[in-house]
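I have placed the structure first, in the form of structure tokens, so that the comments after it can refer back to it.
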Amino acid sequence: MKMTFRWYGETDTIPLQYIKQIQGMDGVVTAVYDVPVGRVWSEDKIVRLKNLCNKEGLSFEVIESVPVHEDIKLGRDNRDALIDNYAQTLENLGKHGVKCVCYNFMPVFDWLRTDLHKKAADGSTSLSYDHSRLMSMDVNDLHLPGWDESYSKEELQGLLDAYKTVTHEDLFNNLVYFLKRIMPMCVKYGVNMAIHPDDPPWDMFGLPRIITGEESYEKLFAAVPEIQNGITFCTGSLGASRKNDLVVMAAKYAKRIHFAHLRQIKYDGEFDFTECGHMTKNGDIDMYGVVKALVYNGFDGYVRSDHGRNIWGEDGKPGYGLYDRALGAAYLCGLFEAVTKQYEEEKK
Ligand code: DNO
């Protein structure tokens, strides 16, 4: 396993040097942020980022994300040109040593939360999700925490309308179409695609969501069997659904998991949850069990501690401050070390 840390590029307030100072840290997970979705990331921009990371002794092997244009998800007529651009970006990344690309196929919205600063008894704050609050929001006048609101009201309405006729099956077929067209490039350059699960893993505002658990993965791997078609195993996203047994899934898909987002949540209700410190005892995700299942089943991918709390007075980007993600990474390195040694002992 290689431990990584998400870095939001040159505008991130966290210096790369601080990331390097976290023990066990191998590399950075980042992206080119100033190219509109659907356009090609130039080699110049990629090399610039890579050099910044490498200069601090950090590897540059994982991208999160190369976003997928909505027209690809919608299966619109112009999708082939957009997919060709995507493949070109993958080629440019592959040429410069990128081995894993995280992406998602969620219509319109990425992750959704209702509170970015929920206060815990110890004074720390974290992200939380309250289902009834979300459901009571007016989809035509949305201001969601964590959502970048880069669409105008009209654009958003246009997209929501366009998805009205898109079924789960259509969306899945559009994903398969996209993957089949980019796979040759992935195989050629050894770039692993790692689809992020829908967060939370259920339909939102009438929009279909298709990467929600075991059933989705079975369909996905049957349709596109290449090993480069893999997943980002996000414990917080998948774990939000009580239907998902994360330890079983980590074992079953260990070799398809190219990237693991290890995050802890505590259930507040059937659909509601609050994010918390990474340790097993802090929440409802069996972090020890997940790590053990990964190691014992041949996982060889990248890991990052996901969504930290804001602690020690840090006013960090919600979920992405320095301190608690650093503590999480150190905790996870410890778990991996212990479990790996245990596994090696048992094998003797
Ligand atoms: C949230 C992240 C997601 C993730 C994308 C991948 O914190 O895990 O936004 O980066 O879904 O495309």
- Enumeration of residues in region 221-245 that are within 12 Å of ILE285 (Cβ to Cβ) and within 12 Å of the chain's Cα centre (by Cα): PHE233, CYS234, THR235, GLY236, SER237, LEU238
- Item | Those strands (runs of 3 or more DSSP E) lying entirely in region 251-348 with at least 1 residues touching a residue at least 40 places away in the same chain (Cβ under 8 Å) and over 23 Å from ASP115 (Cα atoms) | 257-262, 302-305
- Can you name the number of the only condition in (1) modelled with pLDDT of 95 or more; (2) more than 16 Å from the ligand (Cβ to nearest atom) that PHE178 fails? (2)
- Item | Residue satisfying condition, being farther than 16 Å from ILE265 by Cα and assigned to a loop (DSSP other than H, G, I, E, B), within set SER150, SER132 | SER150
- Residues that are closer than 25 Å to ARG325 by Cα, in a loop (DSSP other than H, G, I, E, B) and in contact with a Leu (Cβ under 6 Å, 6 or more places away or on another chain), drawn from region 9-57: ILE14, GLU56
- Message: Conditions first: (1) surrounded by 18 or more Cβ atoms within 10 Å (Cβ to Cβ); (2) in a loop (DSSP other than H, G, I, E, B); (3) more than 16 Å from the ligand (Cβ to nearest atom). ILE227 passes all but one, so which condition is the exception?
- Response: (1)
- Query: When you go through ARG133, ARG113 one by one, which is the residue that is within 15 Å of the ligand (Cβ to nearest atom), under 18 Å from GLY206 (Cα atoms) and of a type outside the set (Asp, Glu)?
  - Reply: ARG113
- Message: Going through VAL29, VAL47, VAL40 one at a time, which residue ends up being touching a residue at least 40 places away in the same chain (Cβ under 8 Å) and crowded, with 20+ Cβ neighbours inside 10 Å?
- Response: VAL29
- Query: Across region 67-93, what is the total count of residues that are of a type outside the set (Phe, Trp, Tyr), crowded, with 20+ Cβ neighbours inside 10 Å and under 19 Å from ILE231 (Cβ atoms)?
  - Reply: 5
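The values are calculated or read from the model by the stated rules, or taken from the named source; none is laboratory data. These figures come from a predicted structure and were not determined experimentally. Backbone-built Cβ (ideal geometry, glycine too); neighbour counts: all protein chains shown.
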